[in-house]
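Chemist: Okay, handing you the structure first.
The values are calculated or read from the model by the stated rules, or taken from the named source; none is laboratory data. Only a predicted model underlies this, so the values are computations on that prediction, with no experimental measurement involved. Here the Cβ is made from the backbone with ideal geometry for all residues, glycine too, and neighbour counts use every protein chain on show. Heads up: the accessible areas ignore ligands, DNA and RNA and are worked out on the full protein's heavy atoms, side chains in. Shrake-Rupley method; radii C 1.70, N 1.55, O 1.52, S 1.80 Å.
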Amino acid sequence: MPLEATIVATPEGLHILNMHGRLHRPHWVAQLFASLSQLHVSILSGRAEQTRGGEWESKFILNFATSSTDPKSLDYSALAEQSPSGERPAPPKLSHFEIIRRSDLLVELRVEGPDQIGFLASILARVSGLALFPAELEIDTPHGQIKDCIVLRGIADRGPSEAAYQSLDRMLRSFLVAQPSGMKK
């Protein structure tokens, strides 16, 4: 099924973006989020899941409050399918992360930090450099704090190698920022 995207305004002034269908680029969500962050659009929450080879179901809550872009004027499918710009987004700021190897050998990455436009685009762009691909995303930004969960797979839908796992851990450690005393990492 070709990729379809719909956007609907909510009474609260937010927008719900639903996307489903086949995506040809494994890092489509990184491209979509990078494009939205360049337009100053914040992703407040959402979920995306690969249902079968290349087919995705996703729903994201977007905030256009700091953007001058009309939400209905964007071609979200084209944003998801475009080629990387080559620009590396600013490093994300993490207050906590956890990496868990699941029974299916995929890796579950839980990240927390202060709300930052471009946070997920930055994380996903860097993860792509490790040949890791998102299989599921759960995004939430309660009270200005990012609490996201990303399930990652390696090449050929396999679990990431131990080397990729260790590289991911080292990379994420470099993004940790100091917290006020009394808070736990």
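Chemist: Restricting to region 124-139, name every residue that is in contact with a Lys or Arg (Cβ under 6 Å, 6 or more places away or on another chain) and modelled with pLDDT under 95. Even if it seems obvious, please write down each step before you answer.
Modeler: Our first condition is that a residue be in contact with a Lys or Arg (Cβ under 6 Å, 6 or more places away or on another chain); within region 124-139, this holds for 133, 135, 138.
Selection gives Phe133, Ala135.
Chemist: What tally of residues in region 102-132 results from selecting those that are crowded, with 21+ Cβ neighbours inside 10 Å and of a type in the set (Asp, Glu)?
Modeler: Total satisfying the criteria: 0.
Chemist: Identify the single condition in (1) within 13 Å of the chain's Cα centre (by Cα); (2) among the hydrophobic types (A, V, I, L, M, F, W, C); (3) at pLDDT 90 or above that Ala121 does not satisfy, given that it satisfies every other one.
Modeler: Of (1) within 13 Å of the chain's Cα centre (by Cα); (2) among the hydrophobic types (A, V, I, L, M, F, W, C); (3) at pLDDT 90 or above, only one is false for Ala121: (3).
Chemist: Within region 127-170, count every residue that is free of Cβ contacts under 8 Å to residues at least 60 places away in the same chain, of a type in the set (S, T, N, Q) and closer than 24 Å to Phe60 by Cα.
Modeler: Residues flagged as free of Cβ contacts under 8 Å to residues at least 60 places away in the same chain, of a type in the set (S, T, N, Q) and closer than 24 Å to Phe60 by Cα within region 127-170 amount to 1.
Chemist: On the basis of being over 16 Å from Gln50 (Cβ atoms), modelled with pLDDT under 95 and surrounded by 15 or more Cβ atoms within 10 Å (Cβ to Cβ), does Ile99 make the cut? Show your work before the answer.
Modeler: Details: over 16 Å from Gln50 (Cβ atoms): yes; modelled with pLDDT under 95: no; surrounded by 15 or more Cβ atoms within 10 Å (Cβ to Cβ): yes.
When the stated conditions are applied, Ile99 does not pass them.
Chemist: Another question, then. Among the residues of region 38-60, count how many are surrounded by 19 or more Cβ atoms within 10 Å (Cβ to Cβ) and more than 11 Å from the chain's Cα centre (by Cα). Steps first, answer last, please.
Modeler: Going residue by residue through region 38-60, those that are surrounded by 19 or more Cβ atoms within 10 Å (Cβ to Cβ) are 41-43, 46, 48, 50, 56, 58, 60.
Adding the requirement that they be more than 11 Å from the chain's Cα centre (by Cα) leaves 41-42, 50, 56, 58.
Final tally of qualifying residues: 5.
Chemist: Mind listing just one residue for me: the one in region 64-86 that is among the polar types (S, T, N, Q) and open to solvent by 50 Å² or more (accessible area, probe 1.4 Å) and, of those, modelled with the lowest pLDDT? Steps first, answer last, please.
Modeler: First, pick out the residues of region 64-86 that are among the polar types (S, T, N, Q): 66-69, 73, 77, 82-83, 85.
Subsequent filtering for residues that are open to solvent by 50 Å² or more (accessible area, probe 1.4 Å) retains 66, 68, 73, 82-83, 85.
Working: Thr66: 93, Ser68: 95, Ser73: 96, Gln82: 81, Ser83: 70, Ser85: 64.
Here the answer is Ser85.
Chemist: Just one of Val29, Val8 is among the hydrophobic types (A, V, I, L, M, F, W, C), open to solvent by 40 Å² or more (accessible area, probe 1.4 Å) and either in contact with a helix residue (DSSP H, G or I) (Cβ under 8 Å, 6 or more places away or on another chain) or in a strand (DSSP E or B) (or both); which is it?
Modeler: Numbers: Val29 fails: open to solvent by 40 Å² or more (accessible area, probe 1.4 Å).
After applying the criteria, what remains is Val8.
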